[in-house]
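Visitor: Following this message is one structure expressed as structure tokens.
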Amino acid sequence: MTGISSLADLVWARGYTDPAWARRHTTSGRELVPSRRVWRGSGGASALPAAPAGALDGLEFTGPHDGSLTLTELLSRAETDALLVMHRGLLVHEDHLHGYEPHVPHFNASAAKSYLGLVAAVLAHEGQLDRGMQVAKIVPELTGTAFGDAQVDHLLHMGTQMSYAGRPYDKALEAQRYFAVLAPQLRPYGYTGPTTIREHLATARTTGAPGIGFRYENGNVEALAEVLRRVTGTTTSALLSEMIWSRIGAEEDAYYLLDSEGTEAACGGFSATARDLARLGEMIRRGGAIGDRQIVPEAVASTIVSGVPDGYPRRVRFPATPPEAPATLSYHDLWWIPNDPYGSFMASGIHGQRLFISPALDLVIVHYASQIVSPAVPQVPLVQAFLKIGTRLRG
């Protein structure tokens, strides 16, 4: 199981030389494991008024080797499946590539973490969730684990320090083991480890005080999802549907992948269409509202960037950032914050999935991709490209 860090990596290992095969099996992940829908609700889809912007024609971007790329070349290098650009509420650019169809949900990978963070922040704002509560008091089964010892707010900021099953912590290895828990196809021959998310979390032991350091670890999100299930008495899928998805005018149901017990893979098993993700982003950019309907409290939507709590690192290193690069990102309630001049923030997935929201630029960008994750394949600087698009549109 070397080199496999997600469900998409599984098929890239099989289909590296056959991208069409790989995309067929990674678009949503639903061909690999069971899934549960996030219902779109009974109402009609909200409009995405289009106003194509010729301003993007001729725009040049810096490539992974510091060369100059056109938008078409950038999308090719990024293995882009979809790019949607919303500016001031208008859909100014839309691409669907590699046979990806607009009505088909696409795998979001770790971008899913941010959507759960949004739900948790709303529940906390409404008084249904106590950020300072010890997790074990809400989920007694996590007593004695690193997650049970932590507070809810520690989970929301990747603030736990742990090791699994007594082995030294290694991020890449633990990502492999997490997906081995979720998908039998990812288990090596002779695998005897946990076979459910619940069993996996139970093996986590504290190695340091929570709330001091930053460690990007899927278990924080899975523990948080269980906290929210206990607090609300509903599944993750039903909760996201009730609070968000059925209220934004989504065109399609979204989906979560499930483990063998029927528990949602909250940290990265979510799939949705690019257009519906654009609706989610627009709602957040508009202060949590769609028209005159407040979907998310304005106080939640407007403090994703400004609400990084005291006691946490204000700047953290993105997981894929080279060791010599400056740490320029902050992290709040499972959202990444680039600390640019425009108050931008984003949900981010390993294979190029992005929901990028920039309030000062009136910008929302959805990017879906199937990027190969390998030291031999330089990653395209997507955030810099998004900002260039936004500043060009602003004029």
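The values are calculated or read from the model by the stated rules, or taken from the named source; none is laboratory data. Keep in mind it's a predicted model, so treat the numbers as computed, not measured. Don't worry about glycine lacking a Cβ; one is built from the backbone with ideal geometry, like all the others, and counts go over all protein chains shown. Just so you know, the surface numbers come from the protein's heavy atoms only, side chains and all, with ligands and any DNA or RNA stripped out. Shrake-Rupley method; radii C 1.70, N 1.55, O 1.52, S 1.80 Å.
Visitor: What does the C-alpha gyration tensor say about the overall shape of segment 104-182? Classify as rounded when a/c is under 1.5, otherwise prolate if a/b is larger than b/c, or oblate.
Guide: Oblate is the answer for segment 104-182, as a/c is 1.5 or above yet b/c matches or exceeds a/b.
Visitor: A further question follows. When Lys and Arg each count +1 and Asp and Glu each count -1, what net charge do the other residues less than 13 Å away from Val135, Cβ to Cβ, add up to?
Guide: Counting the neighbours of Val135, the net charge comes to -2.
Visitor: Once you've got the GNM for the chain with C-alpha springs shorter than 10 Å, pick whichever of Pro64, Pro210, Pro105 has the biggest mean-square fluctuation.
Guide: Pro64
Visitor: Would you please classify the overall shape of the chain from the alpha carbon gyration tensor, given that a ≥ b ≥ c denote the square roots of the eigenvalues, rounded means a/c under 1.5, and beyond that prolate means a/b larger than b/c while oblate covers the rest? Please report the intermediate quantities before stating the final value.
Guide: On the way: a/c = 1.44, a/b = 1.24, b/c = 1.17.
Rounded shape, in that the Cα axes give a/c under 1.5.
Visitor: Still on this model: Tell me the label-point distance for the pair His125, Thr143, using the 7 Å Cα-to-Cβ offset, in nm and rounded to one decimal.
Guide: About 3.5 nm separates the two model spin labels.
Visitor: Now for a separate question. What value in Å³ per residue do you get for the convex hull of the alpha-carbon atoms in segment 179-252? List each step's numbers first, then the result.
Guide: Numbers: hull volume 11.5 nm³, N = 74.
Once divided by residue count, the hull of segment 179-252 is 156 Å³.
Visitor: Still on this model: Taking Cα pairs under 8 Å and at least six residues apart, what relative contact order does the chain come out at, in percent?
Guide: Working: 787 pairs, mean separation 99.3, N = 395.
Computed value for the chain: 25 percent relative contact order.
Visitor: Pull out the extension gain between Arg392 and Thr62, defined as 0.36 nm times the separation in residues minus the alpha carbon to alpha carbon distance; nm, one decimal. Display every interim value, and only then the final one.
Guide: Working: separation 330, 0.36 × 330 = 118.80 nm, distance 1.47 nm.
Difference between extended and current length: 117.3 nm.
Visitor: With each label point set 7 Å from Cα along the Cα-Cβ vector, what nm distance links Thr72 and Ala136?
Guide: Calculated label separation equals 6.1 nm.
Visitor: Which is farthest toward the positive dipole end of the chain among Leu32, Pro210, Val380, measuring Cα position about the Cα centre, with Cβ charges +1 (Lys, Arg) and -1 (Asp, Glu)?
Guide: Pro210
Visitor: What shape does segment 94-251 take by its C-alpha gyration tensor, where a ≥ b ≥ c are the square roots of the eigenvalues and a/c under 1.5 counts as rounded, a/b above b/c as prolate, and the rest as oblate?
Guide: In terms of gyration-tensor shape, oblate.
Visitor: Next up: What order do Lys171, Lys113, Lys137 take when sorted by accessible area (1.4 Å probe), most exposed first?
Guide: On the way: Lys171 90, Lys113 0, Lys137 145 Å².
Descending order: Lys137, Lys171, Lys113.
Visitor: Another question, if that's okay. Please enumerate, by chain and number, the lysines with C-alpha under 20 Å from the C-alpha of Lys113, excluding those fewer than 8 residues away in the same chain.
Guide: Here the lysines satisfying the reach criterion relative to Lys113 are Lys171.
Visitor: Helix-only mean residue ellipticity at 222 nm, the chain, DSSP H runs n ≥ 4 weighted -39,500 (n - 2.57), per residue, nearest 500. What is it?
Guide: Numbers: 14 runs with 121 residues, N = 395.
Computed ellipticity for the chain at 222 nm equals -8500 deg cm²/dmol.
Visitor: Taking R0 as 25 Å, what FRET efficiency do you get between Gln294 and Ala45 from their Cβ-Cβ distance, rounded to the nearest 0.05?
Guide: For R0 = 25 Å, the calculated efficiency reads 0.80.
Visitor: If you place +1 on the Cβ of every Lys and Arg and -1 on the Cβ of every Asp and Glu, how big does the dipole about the Cα centre of the chain come out, in debye to the nearest 20?
Guide: Dipole magnitude for the chain comes out near 280 debye.
Visitor: Once the whole set of protein chains is in place, how much accessible area is left on Thr196, using a 1.4 Å probe, in Å² to the nearest 10?
Guide: 10 Å²
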